[in-house]
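No lab work stands behind these numbers, since they all come straight from the coordinates. All values reported here derive from a predicted model rather than from experimental measurement. In this analysis, Cβ positions are derived from the backbone assuming ideal geometry, glycine residues included, and neighbour counts consider all displayed protein chains.
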Amino acid sequence: MAKPHSKGPTRTVQIFCAQCKAILFKYRKGGKGALVKCFKQRITEDHTKTPCTCPGCQQIFARETLIRGTPAYKMIGGKVTMK
């Protein structure tokens, strides 16, 4: 299976918790669709203390998984927003 591009996209988005609006990540996102998954190698700034848990309200917003053999976070629908 194909791996994500090693260079990665140049567009950076900020990912926030949908409940308490705390910032979670700065992420290099490719494409213009909804945020379904975050590859760990594309996260430029990580503001979470424990993986997949919001630092503000302690809500679990994603699951750790392997996608195409690469570590990633699979987002739970409606738990995060992006700008």
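Listing Ile60, Ile15, Ile67 from fewest to most neighbouring C-beta atoms within 10 Å gives Ile60, Ile67, Ile15.
Using a Gaussian network model of the chain in which every pair of alpha carbons under 10 angstrom is joined by a spring, one finds that among Arg28, Arg63, Arg11 the greatest mean-square fluctuation is at Arg11. Calculated from the alpha-carbon coordinates, the chain shows an Rg and a Dmax of 12.1, 37 Å respectively. Backbone phi angles across the stretch 34-44, fed through the Karplus curve with coefficients 6.51, -1.76 and 1.60 (θ = phi - 60°), yield HN-Hα couplings of 5, 8, 9, 9, 10, 6, 4, 6, 8, 6, 8 Hz in residue order; Gly and Pro are listed as x. Measuring nothing but how far apart in sequence close Cα pairs (under 8 Å, 6+ apart) lie, relative to its length, the stretch 26-82 scores a relative contact order of 33 percent.
Annotation: amide H of Ile67 within the under-5 Å range of Ala72, sequence separation 5 or more or interchain, hydrogens built in the peptide plane.
Applying a 4.7 Å cutoff between beta carbons, the unpaired cysteines of the chain are Cys38, Cys52. Take the Cβ atoms of His47 and Arg11, set R0 to 25 Å, and the FRET efficiency comes out at 0.85. Go ahead and set up a Gaussian network model of the chain, Cα springs under 10 Å, then flag whichever of Lys26, Lys37, Lys49 fluctuates most. Among Lys26, Lys37, Lys49, the largest mean-square fluctuation in the Gaussian network model of the chain belongs to Lys49. Near the amide H of Ala18, within less than 5 Å, lie the amide hydrogens of Val80, Thr81, all on another chain or at least 5 residues away, with H placed in the peptide plane.
For Lys26, a cut-off of 17 angstrom between C-alpha atoms picks up these aspartates and glutamates, skipping any fewer than 8 places away in its own chain: Glu45, Asp46.
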